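Data block below; observations after.
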Amino acid sequence: MRKQPSSINRILNKCKDYLISVLIFILFLCFLLLFKCKSRYGYRKERQEKREAAITTSMIKAIESDKNPVYTIHGKNKTLELPMEVTDKGKLVSVVWNGHKTGFELSDEESEFTVSPQGILAWYESGLLTAEEMGGEETISKLEENIVSDSLNICLLNVQIGNCTLPEVNVRIVQGQEFPYCMGLKAWNMLLSSLSSDD
């Protein structure tokens, strides 16, 4: 009769040891996952900070220029200087298209160009876009009523930025965009590619 409790105690002790080992292992896995997530977040944050620092530095250089602020991009054997205009909302890049100049705000979004419905309508009313290029009269009506979806894209040909010409540019219409015209990172990459291939 006395042997039974001691064997039960031994079993209970073994179970406790096993549970403690399992808990320690689970805690170790949790700390490992937390460390990995923190490292990944830190890496992304560092990349974002570097990108923002580069943009900020370029903007400071533009502000320090006397009369004609420029955004300088260095390419292979060539430097492209984009004329900019200083406004209360930040830096604007002057883009010439069909003989007209449009000011695009610099954006760090992963896009080429984004335009608000009002911005597209302004292009249409000034003759830069035809009804066909905008997708027909139905699209124009939707734009005027501000019910167009973000999936609408407009293709522009031979867009001149500084002394560089982009043969084809996709412009995405974005609802509720604060500034009518924005230029994103994809557009900058297109500019860099055109510079590196242009000797």
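None of the figures in this text is laboratory data; all of them are computed from the coordinates on show. On a predicted model such as this, the values are computed, not experimentally measured, just so you know. Ideal geometry is used to build each Cβ from the backbone, glycine not excepted, and the neighbour counts take in all protein chains shown.
Taking region 130-183 as the range and being assigned to a loop (DSSP other than H, G, I, E, B), more than 15 Å from T102 (Cβ to Cβ), within 22 Å of the chain's Cα centre (by Cα) and not polar (S, T, N, Q) as the test, the residues that pass are V148, D150, L152, V174, G176, E178.
Here is a yes/no grid of residues against (1) surrounded by fewer than 17 Cβ atoms within 10 Å (Cβ to Cβ); (2) touching a residue at least 60 places away in the same chain (Cβ under 8 Å); (3) under 17 Å from S94 (Cα atoms); (4) among the basic types (K, R):
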position	(1), (2), (3), (4)
L152	no, no, no, no
L156	no, no, yes, no
V169	no, no, yes, no
Q175	yes, no, no, no
F179	no, yes, yes, no
L185	yes, yes, yes, no
